[in-house]
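Student: Following this message is one structure expressed as structure tokens.
The values are calculated or read from the model by the stated rules, or taken from the named source; none is laboratory data. The structure presented is a predicted model; accordingly, all values stated were derived computationally and were not measured. All Cβ positions, even for glycine, are placed from backbone atoms using ideal geometry, and neighbour counts span all protein chains on display. Note: accessible area is taken over every heavy atom of the protein model, side chains too, but ligands, DNA and RNA are not part of it. Shrake-Rupley method; radii C 1.70, N 1.55, O 1.52, S 1.80 Å.
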Amino acid sequence: QVQLVESGGGLVQPGGSLRLSCAAFGFPFSGNAMSWYRQAPGKERELVATITNSGGRTNYANSVQGRFTISRDNARNTVYLQMNSLKPEDTAVYLCYAHAAGFWGQGTQVTVSS
């Protein structure tokens, strides 16, 4: 069964950090570029970061450049998003996406608030 399972979300104060994980099951993970998206209430889904299937190249939205880092471990079929210097405007549901498989995870909530 094809699955993407996100974890690591939660409530954090402004300036804090979180590390999200997305574990893949049921498809060839290493053959897929992977992305993290986010969606805040009342807003469109936004691309946050992308990593190629080998992990050799990454791209970031301007809004997170320098604060977030996407990485992957193909041996563990997992992609990560390290989020530092979090701001209230980073509050959203974060979802991972497998490009070749065309499959979305269910998402994990990140709330940045004092």
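Student: Of the options Val48, Tyr94, Tyr60, report the single residue whose Cα projects farthest towards the positive end of the charge dipole of the chain (beta-carbon charges: Lys, Arg +1; Asp, Glu -1).
Tutor: Final value for the positive-end residue is Tyr60.
Student: What do you get for Rg/Rh of the chain when both radii come from the Cα atoms and Rh is the Kirkwood radius?
Tutor: Numbers: Rg = 13.2 Å, Rh = 13.9 Å.
In the chain, Rg relative to Rh is 0.95.
Student: With a cut-off of at most 11 other beta carbons within 10 Å, and DSSP calling the residue loop, which GluC sites (Glu not before Pro) in the range 38-114 qualify? Please list them. Walk me through the numbers on the way to the answer.
Tutor: Working: sites: Glu44, Glu46, Glu89; in loops: Glu44.
Those satisfying the criteria are Glu44.
Student: Modelled label-to-label distance, Ser54 and Ser71, 7 Å Cα→beta-carbon offset: nm?
Tutor: 1.9 nm
Student: List the residues whose amide H sits under 5 Å from the amide H of Gly16, counting only those 5 or more places along or on another chain, with H placed 1.01 Å from N in the peptide plane.
Tutor: Amide H to amide H, under 5 Å and 5 or more residues apart or across chains, Gly16 pairs with Leu86.
Student: Under 15 Å from a point placed 7 Å out from the Cα of Gln39 along the Cα-to-Cβ direction: which residues of the range 60-93 have their backbone N that close?
Tutor: Counting only backbone N, you get 92-93.
Student: Could I ask something else about it? So what is the accessible area of the chain per residue, in Å², with the probe set to 1.4 Å? Before the final figure, lay out each step's value.
Tutor: Numbers: 5930 Å² over 114 residues.
Accessible surface, normalised per residue, equals 52 Å².
Student: From the phi angles alone, apply the Karplus equation (6.51, -1.76, 1.60; θ = phi - 60°) to the range 101-108 and give each ³J(HN,Hα) in whole Hz, x where the residue is Gly or Pro.
Tutor: Couplings: 6, x, 10, 10, x, 7, x, 9 Hz.
Student: Okay, next question. In Å and from the alpha-carbon atoms only, list the Rg and Dmax of the range 36-78.
Tutor: So, for the range 36-78, Rg and Dmax equal 11.9, 37 Å respectively.
Student: Apply the Karplus parameterisation 6.51 cos²θ - 1.76 cosθ + 1.60, with θ equal to phi minus 60°, to every residue of the range 59-69 and state each ³J(HN,Hα) to the nearest whole Hz, in sequence, with x for glycine and proline.
Tutor: Listing the rounded values in order: 9, 9, 5, 4, 5, 10, 3, x, 10, 10, 9 Hz.
Student: Suppose each label sits 7 Å from its Cα in the direction of the beta carbon; what would the Val5-Gln82 distance come out to in nanometres?
Tutor: Spacing of the two 7 Å Cα→Cβ label points: 2.5 nm.
Student: Grab the other residues whose beta carbon is less than 14 angstrom from that of Phe29, score K and R as +1, D and E as -1, and report the net. Mind dumping the intermediate values first?
Tutor: Numbers: positive: Arg72, Arg76; negative: Asp73.
Combined, the nearby Lys, Arg, Asp and Glu give +1.
Student: Tell me, what HN-Hα J-couplings in whole Hz come from the Karplus equation 6.51 cos²θ - 1.76 cosθ + 1.60 at θ = phi - 60° for each residue of the range 82-93, using x for Gly and Pro?
Tutor: So the J values, rounded to whole Hz, are 8, 10, 10, 6, 5, 10, x, 6, 7, 4, 4, 8.
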